[in-house]
């Protein structure tokens, strides 16, 4: 029998190194979460895993509803799936010159 634990928009997370508020955390190969406030090393905090975020993007245009990925090396959203983890999909188009893109978070 299942027991209710929490809503699910935010999940508990205990990092081995400090995480800044707004920092993207890669959750294995399942997706990304965003620290909703600073989390000290080895202390429990929260990662936002549902909703829409605005994040820095790689160069190039992104069409509305395109799947987007987190490039952990460049620390940017990209449309390149290879070696990156699914972040979600673009809720608005972003032109090549735009610095950011709005992303609906999803898990793979």
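The values are calculated or read from the model by the stated rules, or taken from the named source; none is laboratory data. Every value quoted in this text rests on a predicted model; they were computed, and no experiment measured them. Glycine gets a Cβ as well: all are built from the backbone with ideal geometry, and neighbour counts include every protein chain shown.
Examine the stretch 85-105 for a residue that is within 16 Å of the chain's Cα centre (by Cα), closer than 19 Å to residue 27 by Cβ, free of Cβ contacts under 8 Å to residues at least 12 places away in the same chain and not assigned by TED's automatic domain parsing to the domain that holds residue 23, and state whether such a residue exists. Within the stretch 85-105 (the criterion being within 16 Å of the chain's Cα centre (by Cα), closer than 19 Å to residue 27 by Cβ, free of Cβ contacts under 8 Å to residues at least 12 places away in the same chain and not assigned by TED's automatic domain parsing to the domain that holds residue 23), the answer is no, since none of the residues qualifies.
Taking the stretch 2-34 as the range and being surrounded by fewer than 12 Cβ atoms within 10 Å (Cβ to Cβ) and at positive phi as the test, the residues that pass are 8, 28. Residue count for the stretch 14-37 under the criterion of being outside any loop (DSSP other than H, G, I, E, B) and either assigned by TED's automatic domain parsing to the domain that holds residue 81 or closer than 14 Å to residue 87 by Cα (or both): the result is 6.
Considering the stretch 35-60, the residues that are in contact (Cβ under 8 Å) with a residue 24 or more places away in the chain and under 16 Å from residue 76 (Cα atoms) include one that is surrounded by the most Cβ atoms within 10 Å (Cβ to Cβ), namely 57.
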